[in-house]
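The values are calculated or read from the model by the stated rules, or taken from the named source; none is laboratory data. Computed from a prediction, not measured in an experiment: that's the story for all the values here. Cβ atoms come from the backbone with ideal geometry, glycine included; neighbour counts cover every protein chain shown. Heavy atoms of the whole protein, side chains included, go into the accessibility calculation; ligands, DNA and RNA do not. Shrake-Rupley method; radii C 1.70, N 1.55, O 1.52, S 1.80 Å.
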Amino acid sequence: MRLLVILAATCALAGCERTMKDMYVQPKLGPDAASPLWADGKGSRPPPPGSVPVAVGDLAKTSGGRHGREELASRDVANAASSSRVIDLALLQRGQARYDVYCAPCHSIVGDGDGMVVRRGFPQPPSFHQARLRDAPDRHLFDVITQGYGVMVPYADRVTPEDRWAIVAYIRALQLSQDAPVASLSVDLQAGLRALPAPARAPASRASAPAPSIGASNPETS
């Protein structure tokens, strides 16, 4: 009799476990799963026409939608702009931080197109210091970041419009660092440049010329 009670309890517990499993492992469609219910065969459905997100990114954790709407409006303004907003140190620092993450691996930290992945065989992007890109409008750089170009993938899904403009501002700073006209500098900086000692010139005397290194050919004996 005791054995029958134990077997009955075991079966009852097994039935409860099966019922609980059916509750937390329900038949459902995961992201990008196929479904015969829709004409396109996809289980993931797009938002209904006219839907408006009320919170995005970190602001999705807020209880109200006000902040989300404000962020979307700010992104719309940034997307429609033709150049960077007022450039200040904070914007350049933000642009440098985002550039180092998303751009430097290919374009390098100085923007000459010799990044770490390029050194390992990836196609080399153009240098930001060539005349074509120095003269290109800000909007061109913004659109390339947004939409991609050639083998470069679009970054619109991972870099916000505001951060794209910050990157553009930082690229301009990189370009200026390698091609700044002296006349555009402040009076103090120009005076400082004039005060610098002239670079030393190599001596014209052959007697003072450095001896050829080991393995180098000597034009007098070759």
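So the values come out like this:
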{"read-out": "J(HN,Hα) series, segment 188-194, from Karplus relation 6.51 cos²θ - 1.76 cosθ + 1.60, nearest Hz, glycine and proline x", "value": "5, 5, 4, 5, x, 5, 5"}
{"read-out": "Separation in nanometres of the label points that stand 7 Å from Cα toward Cβ, at Asp76 and Val101", "value": "2.6"}
{"read-out": "Cα-projected label distance for Ala200 with Ala39, points at 7 Å along beta-carbon direction, nm", "value": "8.0"}
{"read-out": "Potential extension, Gln130-Val86 segment - 0.36 nm per residue separation minus Cα distance", "value": "13.3 nm"}
{"read-out": "In sequence order, calculated HN-Hα J values of segment 162-171 (Karplus, 6.51, -1.76, 1.60; Hz; x Gly/Pro)", "value": "4, 6, 5, 5, 5, 5, 4, 4, 5, 4"}
{"read-out": "Gained length - Val52 relative to Lys28, 0.36 nm times residue gap less alpha-carbon distance", "value": "6.1 nm"}
{"read-out": "Per residue accessible area in Å² of segment 66-180, where ligands, DNA and RNA are left out and the probe is 1.4 Å", "value": "58"}
{"read-out": "Listed peptides 136-142, 161-167 by packing density, highest first (mean Cβ within 10 Å)", "value": "161-167, 136-142"}
